[in-house]
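Bear in mind that the values in this text are calculations on the coordinates, not laboratory data. Treat the numbers as computed from the prediction; the structure is a model and nothing was measured. Methodologically, a virtual Cβ is constructed for each residue, glycine included, from the backbone with ideal geometry; neighbour enumeration extends over all protein chains shown.
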Amino acid sequence: MCLGIPGEVVALGDRPGMATVEVGGVRRPVNVMLVEQEGVEPGDWVLIHVGFALARIDEEEARLTLDHLEKMGQAYQDELRALAASRAG
């Protein structure tokens, strides 16, 4: 199963179009070029899928989505493991 997961931007990357995003304690580089025109700054929340930020979302929506994902159990844990193992960037 592939999920879009909310993550918080913790830092802008050294390379254009990249940012460090935290999801469930995992920090990974994420391509933010698809949402750059909206402006992306540390503290913003984005919806991530396969190493790309697809949309900016507000913090309330992110927290509600994370709560629902955590209730999915194994599927969410699998997605976090895949994120931790990814080599985006």
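Which value, in debye to the nearest 20, describes the size of the charge dipole of the chain about its Cα centre when Lys and Arg Cβ atoms bear +1, Asp and Glu Cβ atoms bear -1, and nothing else is charged? Don't jump to the answer; show the numbers that get you there.
Details: 8 positive and 15 negative charges, 99 e Å.
The calculation lands at about 480 debye.
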For LEU64 and LEU34, calculate 0.36 nm times their separation in residues minus their Cα-Cα distance, and state this gained length in nm to one decimal. 8.5 nm
Local electrostatic count, ASP14, Cβ distance below 15 Å [Lys/Arg +1, Asp/Glu -1]: +3
What distance in nm separates the two pseudo spin-label positions at LYS71 and LEU54, each 7 Å out from Cα along the beta-carbon direction? 2.1
With semi-axes √(5λ) of the Cα gyration tensor in Å defined as stated, name the option among [x] 39, 20, 12; [y] 69, 39, 8; [z] 20, 15, 10 computed from the structure displayed. [z]
Please give me the summed charge of the neighbours of LYS71: other residues whose Cβ is under 15 Å from its Cβ, Lys and Arg +1, Asp and Glu -1. -3
